[in-house]
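Worksheet for the structure shown next.
The values are calculated or read from the model by the stated rules, or taken from the named source; none is laboratory data. Small disclaimer: the values here were computed from a predicted structure and weren't measured. Reconstructed Cβ throughout: ideal geometry from the backbone, glycine too, with neighbour counts over all protein chains shown.
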Amino acid sequence: MSNIIKQKIRTVPHWPKQGIMFRDITTLLKDSEGFNHTVDLLIERYKDMKIDIVAGIESRGFITGAVLAHRLGLGFVPIRKPGKLPAETVSEEYELEYGTDKIEVHTDAIQKGAQVLLVDDLIATGGTALAACNLITKLGGHVVECSFIIDLIDIGGKKKLMDAGFKVFSLVVFEGE
């Protein structure tokens, strides 16, 4: 299952800085077999779950998230970097290696009690995903699961989300390779 996907993900050594092994999904996305297989596996996982809306984290979470929302017959909510959404927003700050960052969502994007599937391409430290979960919760939504194509297991983001009480799923795992 995950071998087809994993072999279509490009690794770019030392990008964006020395020592980082960047996992690039653009090679997976451009491959019709690989991308369709990825989406089919995710649809199979989520088609029978009680989900009201799909939320995706900027920017690669928009790609898979929007396709999943479409295929599941659901709406899609973008969670964006600051200043990108035109109407009233709520924001959540999170820690970076050096400093902080912030993400935002429209205040009317998620209805109270909504069952939300959160989607992004990859989980590393879990900072952005946890901030997104907090935003969804602030608006009265319930995160059904956090879904990723890739889990960089050694970095600890999955554990951080699980320790905060969120379910986490990924299709492929990369260890410190």
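When you look at Glu93, is it touching a helix residue (DSSP H, G or I) at 6+ places or on another chain (Cβ under 8 Å) and of a type in the set (D, E, K, R), yes or no? Lay out the reasoning, then the answer.
Details: touching a helix residue (DSSP H, G or I) at 6+ places or on another chain (Cβ under 8 Å): yes; of a type in the set (D, E, K, R): yes.
It is true that Glu93 is touching a helix residue (DSSP H, G or I) at 6+ places or on another chain (Cβ under 8 Å) and of a type in the set (D, E, K, R).
Just to be sure I understand, how many residues within region 53-97 are of a type in the set (A, V, I, L, M, F, W, C) and in a helix (DSSP H, G or I)?
Step one: list which residues in region 53-97 are of a type in the set (A, V, I, L, M, F, W, C), which gives 53-55, 57, 62-63, 66-69, 72, 74, 76-77, 79, 85, 87, 90, 96.
Subsequent filtering for residues that are in a helix (DSSP H, G or I) retains 62-63, 66-69, 72.
Residues flagged as of a type in the set (A, V, I, L, M, F, W, C) and in a helix (DSSP H, G or I) within region 53-97 amount to 7.
List every residue pair whose Cβ atoms lie under 9 Å apart, where the two residues are 6 or more positions apart in sequence or sit on different chains, the first residue falls within region 126-138 and is farther than 14 Å from Val77 by Cα and crowded, with 23+ Cβ neighbours inside 10 Å, and the second residue, located anywhere, is at pLDDT below 95 and among the β-branched types (Val, Ile, Thr).
Gly126/Ile155
Does Asp151 count as crowded, with 24+ Cβ neighbours inside 10 Å and either at positive phi or touching a helix residue (DSSP H, G or I) at 6+ places or on another chain (Cβ under 9 Å) (or both)? So that I can check it myself, show each step before the final result.
Values: crowded, with 24+ Cβ neighbours inside 10 Å: no; either at positive phi or touching a helix residue (DSSP H, G or I) at 6+ places or on another chain (Cβ under 9 Å) (or both): yes.
Judged against the criteria, Asp151 is not a match.
Under 7 Å between Cβ atoms, which residue pairs at least 6 apart in sequence (or on different chains) link something in region 99-114 that is touching a residue at least 40 places away in the same chain (Cβ under 8 Å) with a partner that is basic (Lys, Arg) and assigned to a loop (DSSP other than H, G, I, E, B)?
If the second residue must be basic (Lys, Arg) and assigned to a loop (DSSP other than H, G, I, E, B), the pairs left are Ile103/Lys81.
This table checks each residue for (1) touching a residue at least 40 places away in the same chain (Cβ under 8 Å); (2) in contact with a helix residue (DSSP H, G or I) (Cβ under 7 Å, 6 or more places away or on another chain); (3) surrounded by fewer than 18 Cβ atoms within 10 Å (Cβ to Cβ).
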residue	(1), (2), (3)
Ile5	yes, yes, no
Asp24	no, no, yes
His37	no, yes, no
Leu41	yes, no, yes
Ile53	yes, no, no
Gly56	yes, yes, no
Gly65	yes, no, no
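Does region 134-154 contain at least one residue that is in contact with a Gly (Cβ under 7 Å, 6 or more places away or on another chain), at pLDDT 95 or above and within 22 Å of Lys84 (Cβ to Cβ)?
no
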